[in-house]
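Just below is one structure, and these are the notes that go with it.
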Amino acid sequence: MKFQAEETPYFGLGPDLILNALDRVGWKTTGKLIPLNSFENRVYQIGVYDEEREFDVVAKFYRPGRWSQNQLLEEHEFTFNLSEFELPVIAPIRINQESLFKVDKFQFAVFEKIGGRAPNLEDDSVLSWIGRLIGRIHAVSATQSFRYRPSMSAGQFGREPVDFIINNGFMPAELRETYEGLVDLALTAIDGALKGAENSSFIRLLGDCHPGNILWMEDGPSFVDLDDAVMGPAIQDLWMLLSGDREAMALQLRKVLIGYEQFMTFDYQQVALIEPLRTLRIINYAGWLAQRWNDPAFQVAFPWFGSQRYWEEHLGHIREQIGLMQEGFAL
């Protein structure tokens, strides 16, 4: 996963190629093809049939060049590992013992279509339930380490996107010096915080555990999209469930941890990583948008990116986060 300029990455990924790709690996497609909301990858709801019925599956075509084959297979193995313990994660469907397929330059996987709704995070019982589930997941994920997936670091997730922004002319010249000073200050703090936790506390993570990646069904939550699975501190899978001011977030985190600690011991020193991790995400997000800017879907979805106002607000967010990191976060 490197920050580099990319051409239109999905050129050539048309309906015929998509449907033929599924047919070639053993599905019988009906011709139904509905694009689903996804920017990083291309995801489609596709109609298939067998001798008894017609039904839909979901095919994910991974962004070319982002992950290696080994990294994608390791993500799949992680989901299978969790599924063996009856944990509700949406794993890819195996066909003849294979879960990752390729057509032209595109690697893809097929998933069962699952319905659900967004979790109500204002309900304390929902927070505790999700906490229990993440605790169960971490109890399993902590037993092994990723070999090919990255570990969270200020370098790969912070300095590389910053360098990409600067070297490719996205930052207005009059703001560049201020930007470089602020991100250097922020990333130095993040680097120190993460290195303090790395040796003893990094485990396999879902990685991008925001509410949009949680489906709530009749029997509780399921996690979808482990595309950002990485090695990192456990709090990374918890802090994105929190919102509001410091007092509100602290209360929400206590509710999450009531459930979490039924299955996994939590290192309360990691609470201090919440603001560094949030700052790293803000910095990385700007680089992510810059790197993807040649993808036509991004220019339609994020027309405000790159404007003077955007960068001024971005600098304001980083400046605010530096202050929050200095204040610290405590329960």
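The values are calculated or read from the model by the stated rules, or taken from the named source; none is laboratory data. Predicted model only: the values in this text are computed from it and were never measured. A quick note on method: Cβ atoms are made from the backbone with ideal geometry, for glycine too, and the neighbour counts reach across all protein chains shown.
Does R136 fit the bill of being buried (at least 17 other Cβ atoms within 10 Å of the Cβ), assigned to a loop (DSSP other than H, G, I, E, B) and in the same structural domain as L205 (by TED's automatic domain parsing)? Steps first, please.
Details: buried (at least 17 other Cβ atoms within 10 Å of the Cβ): yes; assigned to a loop (DSSP other than H, G, I, E, B): no; in the same structural domain as L205 (by TED's automatic domain parsing): yes.
So R136 fails the test.
For segment 132-159, what are the residues that are among the small types (G, A, S) and free of Cβ contacts under 8 Å to residues at least 24 places away in the same chain?
As a first pass, look at segment 132-159 and keep what is among the small types (G, A, S): 135, 139, 141-142, 145, 151, 153-155, 158.
None - no residue of segment 132-159 is among the small types (G, A, S) and free of Cβ contacts under 8 Å to residues at least 24 places away in the same chain, so the list stays empty.
Identify all residues within segment 264-286 that are among the aliphatic types (A, V, I, L, M) and part of a helix (DSSP H, G or I); write none if there are none. Talk me through it step by step, then tell me what you get.
Of the residues in segment 264-286, the ones among the aliphatic types (A, V, I, L, M) are 264, 271-274, 277, 280, 282-283, 286.
Matches in segment 264-286: V271, A272, L273, I274, L277, L280, I282, I283, A286.
Mind listing whichever residues of segment 220-246 are of a type in the set (D, E, K, R) and either modelled with pLDDT of 95 or more or under 29 Å from S38 (Cβ atoms) (or both)? Let's see the steps before the verdict.
Within segment 220-246, the subset of a type in the set (D, E, K, R) is 225, 227-228, 237, 245-246.
D225, D227, D228, D237 - these are the residues of segment 220-246 that are of a type in the set (D, E, K, R) and either modelled with pLDDT of 95 or more or under 29 Å from S38 (Cβ atoms) (or both).
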Any chance Y179 is within 18 Å of D228 (Cα to Cα) and either touching a residue at least 60 places away in the same chain (Cβ under 8 Å) or assigned to a helix (DSSP H, G or I) (or both): no
Within segment 1-25, of all residues that are surrounded by fewer than 13 Cβ atoms within 10 Å (Cβ to Cβ) and not in a helix (DSSP H, G or I), the one modelled with the highest pLDDT is G14
Among L194, L253, the single one that is within 30 Å of N168 (Cβ to Cβ) and touching a residue at least 60 places away in the same chain (Cβ under 8 Å) is L194
Per the list (1) touching an Asp or Glu at 6+ places or on another chain (Cβ under 7 Å); (2) outside any helix (DSSP H, G or I); (3) buried (at least 20 other Cβ atoms within 10 Å of the Cβ); (4) not aromatic (F, W, Y), residue check on Q321 breaks on (2)
Of the residues in segment 76-110, those that are in contact with a Pro (Cβ under 9 Å, 6 or more places away or on another chain) and either assigned to a helix (DSSP H, G or I) or closer than 21 Å to D219 by Cβ (or both) come to H76, T79, F80, L82, P88
Inside segment 29-75, the number of residues satisfying the requirement of being at positive phi and either surrounded by 14 or more Cβ atoms within 10 Å (Cβ to Cβ) or not in a loop (DSSP other than H, G, I, E, B) (or both) is 1
Original post:
Got at least one residue in segment 112-119 being of a type in the set (D, E, K, R), in contact (Cβ under 8 Å) with a residue 12 or more places away in the chain and surrounded by 19 or more Cβ atoms within 10 Å (Cβ to Cβ)?
Top reply: no
